[in-house]
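Everything below concerns the one structure shown next.
What follows draws every value from the coordinates through simple rules; no lab data is involved. All of these numbers come straight from a predicted model, not from anything done at the bench. No Cβ is skipped: glycine too gets one built from the backbone with ideal geometry, and neighbour counts run over all protein chains shown.
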Amino acid sequence: MARTRIKDILSGGTTGARYKVCGWVRTRRDSKGGFSFIELNDGSCMENLQLIADAQTADYEGTVLRLQPGCSLEVEGLLQASPGKGQRVELKVEALRVFGWADPEHYPLQKKRHSFEFLRTIAHLRPRTNTFGAVARVRNAVSHAIHTFFQERGFLYVHTPIITGSDCEGAGDLFHITTFDLGAVPIEEGRVDFSEDFFGQPANLTVSGQLEAEIYALALGDVYTFGPTFRAENSNTSRHLAEFWMVEPEMAFCELEGDMDLAVEFLQYLFRHVLDHCRGDLEFFNRFIDQSVIGTLETLATQDFERLSYTEAIEILSKSGEEFEFPVAWGTDLQSEHERYLCEKTFKKPVILTDYPKTIKPFYMKLNPDGKTVRAMDVLVPKIGEIIGGSQREDDYDTLLQRIEESGLHVDDYWWYLDLRRFGSTPHAGFGLGLERLVQFITGMGNIRDVIPFPRTPGNLNF
Ligand code: 4AD
Ligand code: MG
């Protein structure tokens, strides 16, 4: 008999029919009448399937009564309406086979609430908990919807490289990669001689696929890339990872307004998608993690976002009378406390800030006629702050060359990027959405380490 997923049994199983299911025991409860209730979960949904096994089940004493949380089973039985509260159906066990036992003395996930900090130390077992199962399913649904959104709109999925020789953001937070024996790095006149290294030049893990995505946008129109990115930022916050996933659309013949419109449409599509496809998991988050998540998603799926300039935001923050930890002044980067103030206190909705000072943004953003600000846009949301960063790109050769030089980057490294402004340059724009920040926002999870299966942060590389 083929195996059926518990999700399908709970949503559409026929009572009176026989099913085979496999999964892990969450709990066992024995009744005085000589039978046991077993809650089985197979990860297909939040809910467990209730099994009933009685003395007629082969080896009741030796097998059923030994079942503990974490044991893995295969069960065949008859689906019947459940007389008990809390479930519509239950499976009357006819045959039961244990694949793997789980010693209750040592299995860490006994039935009680564990802190997220503790669960991070057992990242190999935490997906078996309600919370981490739900996070994994939401993350999966969002990833799928990201592709669907772009594919439905004719965007081409481009695979940009993980290993690169350039630094897109110019922020210098690079992980260098090498095959050198680090105890015997060749030094030539006091400097590392990279000509002997694997690529014959310095190499690093990408911080963004944007520059390569631009190449494809300037040939194919609308493209996107979606992959892992790496930043050696030494910031131990609840919103930073050293390895995170970013989705980056890039559109030719598009300016900042079109870029912002796409960002709003994209987020609204993703909010609607999870509301329609992850109901059970969202209800769980709404009940146990953050009681505002479903209401917020419902509102944001249709409500437009506030749009204003960085300069206007600075004015609002300066006049707010609020005591911020970091002072507010034109020319300094906004901190998440400022971003959250604008979303949570001033506008009570997501905010898109535009036209930041060029000095706090990367070289590739299009310079405004004022010579001081660039066509940047950051999408800020309550509780998280920045969730998307994007811009219109500098498409003028001379201005770009000057910006690369001003930013202290090596012009030679960007010859191909400059070439795109020599041959058939066009206005173009794009943005980057951090997948983990989005999943945090959707689920209400407080720490970014809990929305990626295996978080990489300073000093932490387990699993
Ligand atoms: O604002 P950022 O740095 O923009 C870029 O990388 C552009 N190249 C994107 C583009 O225009 N194609 O990063 C984009 C988003 C941020 O808004 C944030 O959501 C996320 O990536 N992000 C991080 N997420 C987790 N951990 C980190 N250390 C992150 N750094 C950025
Ligand atoms: Mg940014």
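Once the Cα-Cα distance is subtracted from the 0.36 nm per residue extended length, the ILE187 to TRP415 segment shows a gain of 79.4 nm.
Sequentially through the stretch 158-168, phi angles give Karplus couplings (6.51, -1.76, 1.60; θ = phi - 60°) of 10, 8, 8, x, 8, 9, 9, x, 10, 10, 4 Hz, Gly and Pro residues having no value and appearing as x. Between TYR157 and PHE199, the FRET efficiency estimated from the beta carbon spacing at R0 = 30 angstrom works out to 0.70.
Amide H contacts for PHE175 (H built 1.01 Å from N in the peptide plane; partners 5 or more residues away or on another chain; cut-off under 5 Å): LEU205, ALA232. Normalised by the number of residues in the chain, the average gap of Cα pairs under 8 Å and 6 or more apart makes the relative contact order 13 percent.
Which GluC sites (Glu not before Pro) from the stretch 118-192 combine a DSSP loop assignment with at most 10 other Cβ atoms within 10 Å?
Numbers: sites: GLU152, GLU169, GLU188, GLU189; in loops: GLU169, GLU189.
Passing sites in the stretch 118-192 are GLU189.
Taking only alpha carbon atoms, the stretch 119-275 gives an Rg to Rh ratio of 1.05, where Rh is the Kirkwood radius.
Taking the centroid of alpha carbons for each part, the stretch 407-433 and the stretch 328-354 are 29 Å apart. Calculated translational diffusion coefficient of the chain (37 °C, 0.692 mPa s; Stokes-Einstein with Kirkwood radius over alpha-carbon pairs) equals 130 µm²/s. Sorted from greatest to least, the principal axis extents spanned by the alpha carbons of the stretch 368-452 come out as 45, 28, 25 Å.
With 25 Å as the limit on Cα-Cα distance, the pairs of LYS20/LYS85; LYS319/LYS358; LYS85/LYS112; LYS319/LYS366; LYS7/LYS85 that go past it are LYS319/LYS366. Just so you know, the Cα atoms of the stretch 6-100 work out to an Rg and Dmax of 12.0, 33 Å.
Of the GluC sites (Glu not before Pro) found in the stretch 325-429, those that fall in a DSSP loop while having at most 11 other beta-carbon atoms within 10 Å are GLU325.
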